[in-house]
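Data first, discussion second: the structure below is written as C-alpha cells.
The values are calculated or read from the model by the stated rules, or taken from the named source; none is laboratory data. It should be emphasised that the depicted structure is a prediction, and the values quoted were computed from it without experimental measurement. Note that we place each Cβ from the backbone using ideal geometry, even for glycine, and neighbour counts take in every protein chain shown. Note: accessible area is taken over every heavy atom of the protein model, side chains too, but ligands, DNA and RNA are not part of it. Shrake-Rupley method; radii C 1.70, N 1.55, O 1.52, S 1.80 Å.
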Amino acid sequence: MEIIRIPRIMQDIARTHKMHNKTIGFVPTMGSLHEGHLSLVRMARAENEITAVSIYVNPKQFGPTEDLSQYPRDIEGDAEKLIAEGIDILFLPVDSLMYPDGFSTRVEVEGFSRRLCGAYRRGHFSGVATVVTKLFNLIGPARAYFGQKDFQQTVIIKRMVKDLDMNIDIVVCPTIREEDGLAMSSRNLYLTREQRDAAAIIYKCLNEASGAIKSGIIKVTELKKLMETRLASEPLVSEIQYCSAYDPDTLDELEEIVNEALLAIALKVGETRLIDNILVAAGQKSSSP
Ligand code: AMP
C-alpha cells in the first residue's frame, strides 16, 4: 500500500494508472475506520483494478460549534486495517495543500443541501461537495463508494456528479450495523456505555415505523407521531432533530406513503449527534441498506 500525502503526487500517480487503462475505485473517508468503511473498501476492491482510500477530516464540513478538533483519529490503526484489505493507495492529504492560502471556491448543490441534516448543519454539504470534487479531480476514479447511512450525502453527490459531468459511477453500499441494529459510525466512540445502549432505539424506531406502514398506516403525520413518541420514551435521547418519511429522490417530506419512502432520523444522545435511515415501500418488505 502506497501512502501519499501530496495532492499533486496523488494526481500524477492516478494519471499513470489510468494511462495503463487501470480503473480506480475510490472510497473517501474521515478515518477511524470500522466495518462500515471496510465494506465500501471491499466493494471497491471487487469492482476495480486499483483501490484508493482517502482519510481526511475535512475542516470545511464542520460548523464552528461542531466536533472537528475532537473527531476521532487513528491513522496507524486505519493503515493496518487497509493493508489487511489489500488496497493500493492511501491518500492522507495535508491540510495546507488541500486548502492553501487564497482558496476561495465552494461547491454548492442547491436545494438538497438545506433539507434534513442541512437544516441543522449549515454549510456542511457544501463542505462535503467541495472536498469530494477536489478528491475526484485528484484521483479520477471510475467508481466512488458511499454508504447509505449518509443517504442525503449520496443524493447530493449523485446530483453533483450529474450536473458537473463528472463521469464517475456513484455506488451506494448498505449500512453496516452493530448486533443490536445501531448503524456503525466513528461518532459512536463518543458514547458512554449507557448512551451506546440507548442509541439502539434509532434502528428499532425505524423498523417499527416500517412495520406500521406494512400494517396500513400511510399518513405521515400519524407515522411521525409514532416515531417521535417512541424516541421520546428513551430518556437519554436529548434532542430529536428530525424523524419522518421523505421522497428518496427529492428528499421532500411526504404526506402519504404511496411508493418507496426514506424513513430517516437525526437525534442527539447526550451531545452526540446520530443519524440513520431505511428505505421502505408501501405494502412491501423494507430494505435496510
Ligand atoms: P465518514 O468517515 O463518516 O465520512 O464515512 C465515509 C464513508 O463511509 C461514507 O460514504 C459513509 O456513508 C460510509 N459509512 C459510514 N458508516 C457506515 C456504515 N455503518 N455502513 C456503511 N457505510 C458507512
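Between rounded, prolate and oblate, where does the stretch 2-51 land on the alpha carbon gyration tensor, with a ≥ b ≥ c its root eigenvalues, rounded for a/c under 1.5, else prolate if a/b exceeds b/c?
oblate
When a/c reaches 1.5 or more, the comparison of a/b and b/c decides; with that in mind, is the stretch 55-203 rounded, prolate or oblate per its Cα gyration tensor?
Details: a/c = 1.41, a/b = 1.26, b/c = 1.12.
It comes out rounded by the Cα gyration axes.
Sketch the reach of a paramagnetic label on Glu47 as a point 7 Å from Cα along Cα-to-Cβ, and name the residues of the stretch 1-38 whose backbone nitrogen lies under 18 Å away.
It comes to 22-29, 36-38, nothing else.
Taking amide hydrogens as modeled 1.01 Å from N in the peptide plane, which residues meet the under 5 Å criterion relative to Ser54, leaving out close sequence neighbours?
Amide H to amide H, under 5 Å and 5 or more residues apart or across chains, Ser54 pairs with Val27, Thr29, Phe91.
Enter the accessible area per residue of the stretch 116-242 (Å², integer; probe 1.4 Å; all protein chains in place).
45
Enumerate the amide H contacts of Gln241 below 5 Å, restricted to partners 5 or more residues apart or on another chain; note that Pro and chain-start residues carry no placed amide H.
Under 5 Å from the amide H of Gln241 lie the amide H atoms of Ala266, Leu267, Lys268, each far enough along the sequence or on another chain.
Which order do peptides 251-259, 120-128, 21-29 fall in by mean Cβ count within 10 Å, highest first? Write out the running numbers ahead of the final one.
Working: 251-259: 14.9, 120-128: 18.9, 21-29: 21.1.
Output ranking for 251-259, 120-128, 21-29: 21-29, 120-128, 251-259.
Take the Cα coordinates of the stretch 69-126, assign each an equal point scatterer, and use the Debye formula without solvent to give log10 I(q)/I(0) at q = 0.21, 0.29 Å⁻¹.
Evaluating at q = 0.21, 0.29 Å⁻¹ gives log10 I(q)/I(0) of -0.96, -1.08.
Report, to two decimal places, the Cα Rg of the chain normalised by 2.2 N^0.38 Å (N = number of residues).
Here the answer is 1.02, to two decimals.
In bins 5 Å wide, starting from 0, what share of all Cα pairs of the stretch 145-196 does each bin hold, as a percent?
Once binned at 5 Å, the Cα pair distances of the stretch 145-196 give 4, 18, 21, 18, 13, 10, 8, 5, 2, 0.
Is the shape of the stretch 144-289 best called rounded, prolate or oblate, per the rule: a/c under 1.5 gives rounded, else a/b larger than b/c gives prolate, else oblate, with a ≥ b ≥ c the square roots of the Cα gyration tensor eigenvalues?
Numbers: a/c = 1.92, a/b = 1.17, b/c = 1.63.
It is oblate, given that a/c is not under 1.5 and a/b is not larger than b/c.
For the chain, with all protein chains present and a 1.4 Å probe, just round the carbon and sulfur fraction of the accessible area to a whole percent.
49
Just the Cα atoms of the stretch 51-90: what Rg and Dmax do they give in Å?
So, for the stretch 51-90, Rg and Dmax equal 12.7, 37 Å respectively.
At 222 nm, what value in deg cm²/dmol follows for the chain if DSSP H runs of at least 4 each add -39500 (n - 2.57) and the sum is divided by all its residues, to the nearest 500? Please list the in-between numbers first.
Working: 10 runs with 107 residues, N = 289.
Taken over the chain, the calculation gives -11000 deg cm²/dmol.
Counting only C-alpha contacts under 8 Å and six or more residues apart, can you give the relative contact order of the chain as a whole percent?
Relative contact order here is 17 percent.
Could you order peptides 62-69, 212-219 by the average number of other Cβ atoms within 10 Å of their residues, highest first?
Details: 62-69: 11.8, 212-219: 14.4.
Descending packing order for the listed peptides: 212-219, 62-69.
Given the stretch 126-224, report the % of alpha carbon pairs whose separation exceeds 19 Å.
Roughly 59 percent, rounded to a whole number.
Suppose the chain between Lys204 and Ile217 were pulled fully straight at 0.36 nm per residue; how much longer would it get relative to their current alpha carbon spacing?
Computed gain between Lys204 and Ile217 is 3.0 nm.
Which links in Lys149/Lys225; Lys158/Lys204; Lys60/Lys268 stretch past 25 Å when you go from one Cα to the other?
Beyond 25 Å: Lys158/Lys204.
Grab the beta carbon distance between Ser238 and Thr16, set R0 = 51 Å, and tell me the FRET efficiency rounded to 0.05.
0.50
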